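I have placed the structure first, in the form of structure tokens, so that the comments after it can refer back to it.
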Amino acid sequence: MPDLKFRDRGVHEILDDIARKREQPGLTHDALWKSARARGYQDILQPVHGSDTRYEGYLCLAYQLASGRTVISIDTGERMLAVVEKFEALPNPGAKVRLTAVFAGDGVEKWIVKPLAQIGCGLSLRFDFDVSDKRVGDVGWADKLRGALAQARRMENAVTGELNVKRIGLPPIEAEPPFKDQMVQYDEDMRKRISATPLTPDEEREKAKLRTQEQANAFFAKRKAKLAEQYRIESQHFREKGIPELRAAYDKRKERADKVQAEADRISKLLAENLANVELGSQAAKMIEKIEAACLPIVVGDMSALLEDPQARFKELIETIVLLFELATTQRRVAP
């Protein structure tokens, strides 16, 4: 049974349409098949437009036609796809992209391309070159990537040391319960202290004279009222003067603790990112050899920005190496 996801005549429909518009179908044919063979494919499929149609893969060709349309080919890892459309903007070949079918106004079928990851650092890929011409331009790109990566890793290691020194130099943060809980505890301690107040000498003499239960009840009721009044006076003074003073002191301590905690969190976040960068750098260094062995059609442009400040372009450097590694490891054709 035919696969309903792809057109029966595949890429030939695209070439026929280009021929009808006199847009040099021969050149388009050559470019398409060169990009397919460079990735190890013997066939190119044209996907059927549908409401839920989308593919992810690597952009291998972006061939501009005189009409303003562009023929693109995308390696999904399972098949090579080709579509023709008036795209607003396209990344350079080698980019990881998502191809999505959409419906424009009046139900017009369109394809859109969204970049997911792109090759930078002054490098690009040309899959439409001859398969035999796998090394294009300056072949020293690998050594330049290694040098930039090594320099960036040294800088990141230096940053790790600086961050550790800053973290060690931070004052200790002492955990403190909320102010409300402290006041509740203070009130409870005050009640216990007042309740545990010993008898005065006069009360001791009065207690010694007690003879009846009525006298004892009256004595303890009088003492209870005295302690209640003492608690009332102390608690009122505490509310009027003690709480505001304690609150002001608490706010100052909390402000200092919050600043220290914020700085500690900031340093911890930077340190985590820094350590992740060091680990990424270590992994990326191992990928370059595999990329070299794949003999990808890499075109070397201006790499000066990377070489001048590798640390500032570390994310771009890692993304480029990882993307090239993915292209190298998914390439079907084994380089001679």
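The values are calculated or read from the model by the stated rules, or taken from the named source; none is laboratory data. What you are looking at is a predicted structure, and each value in this text was computed from that prediction instead of being measured. Positions of Cβ are backbone-derived with ideal geometry, glycine not excepted, and every protein chain shown enters the neighbour counts.
Beta carbons closer than 6 Å, at least 6 apart along the sequence or on distinct chains, pair a first residue in region 265-276 that is within 17 Å of Gln311 (Cβ to Cβ) and in contact (Cβ under 8 Å) with a residue 40 or more places away in the chain with a second that is among the aliphatic types (A, V, I, L, M) and surrounded by 11 or more Cβ atoms within 10 Å (Cβ to Cβ) for Leu270/Leu163; Leu271/Leu163; Asn274/Val159. For region 27-40, the criterion of being loosely packed, with under 13 Cβ neighbours inside 10 Å and not in a strand (DSSP E or B) is satisfied by no residue at all.
Against the conditions (1) at pLDDT below 85; (2) assigned to a loop (DSSP other than H, G, I, E, B), Asp106 satisfies every one except (2). Taking first residues from region 194-209 that are without any contact (Cβ under 8 Å) to a residue 60 or more places away in the chain and partners that are polar (S, T, N, Q) and part of a helix (DSSP H, G or I), the Cβ contacts under 9 Å between residues at least 6 apart in sequence or on separate chains come to Ile194/Gln230; Thr197/Gln230; Lys209/Gln215.
Looking across Ala208, Ala221, Ala249, Ala257, one residue alone is under 30 Å from Pro177 (Cβ atoms) and either of a type in the set (Asp, Glu) or surrounded by fewer than 12 Cβ atoms within 10 Å (Cβ to Cβ) (or both). It is Ala249.
Can you work out which of the residues in region 291-326 that are at pLDDT 90 or above and under 19 Å from Ala38 (Cα atoms) is surrounded by the fewest Cβ atoms within 10 Å (Cβ to Cβ)? For region 291-326, the residue satisfying everything is Glu326. Restricting the first member to region 151-168 and to residues that are on the phi < 0 side of the Ramachandran plot, and the second to residues that are aromatic (Phe, Trp, Tyr), the beta-carbon pairs closer than 6 Å and six or more apart or on different chains are Ala152/Phe314.
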